[in-house]
Amino acid sequence: MSKALADAIHLKDENFESLKRQNGENMRLKKQLEATKEQLETTILEVSKVKGELDSALVEVSGLKISIPTEKDAAVQEFIGSQAFHDAFRPHCIRAANFEKRKWMAVLDRYDNGSIIRKYRDEMDEYRQKGEVFVLAVDPNSDDDFDNEASISEQS
């Protein structure tokens, strides 16, 4: 064989070996890339799962935050429950309630000649003895109301 042919074959063999090495390196990198891709997909799934859990926890925390009274609310509730509040405001409220009660009893007495009061006095006393509140329910369709309207018209 000639020297030129031998050099050409040798160069071809070197190129072939070089291409085999590059191909081997490319195959290794391809496998590494695929493994990295799988790890990345797994990580993305895990992150999505954790994000969902965090979102749920955030919703729960937001709900709890709404239900926790603020410092101001707590202070107001504490004051309303204090003896100082009751000492300051209860007498005023009792006076106002008694005034309203007297006012409406006077209205009933004047415009109904006291018949409603007489009609319900025993029932009112029974509730009072039990310590319960008597609630007078007025039925606008009852016959008594028509008589009451007539007596109101007569007194006007």
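Checked against (1) outside any loop (DSSP other than H, G, I, E, B); (2) modelled with pLDDT of 70 or more; (3) not acidic (Asp, Glu), Phe134 passes all but condition (1). Modelled with pLDDT under 90 and within 40 Å of the chain's Cα centre (by Cα): is that true of Ile44 in this structure? It is false that Ile44 is modelled with pLDDT under 90 and within 40 Å of the chain's Cα centre (by Cα). In this structure, does Lys49 turn out to be under 60 Å from the mean Cα position of the chain (by Cα) and either part of a helix (DSSP H, G or I) or among the hydroxyl-bearing types (Ser, Thr, Tyr) (or both)? Spelling it out, Lys49 is indeed under 60 Å from the mean Cα position of the chain (by Cα) and either part of a helix (DSSP H, G or I) or among the hydroxyl-bearing types (Ser, Thr, Tyr) (or both).
The values are calculated or read from the model by the stated rules, or taken from the named source; none is laboratory data. It should be emphasised that the depicted structure is a prediction, and the values quoted were computed from it without experimental measurement.
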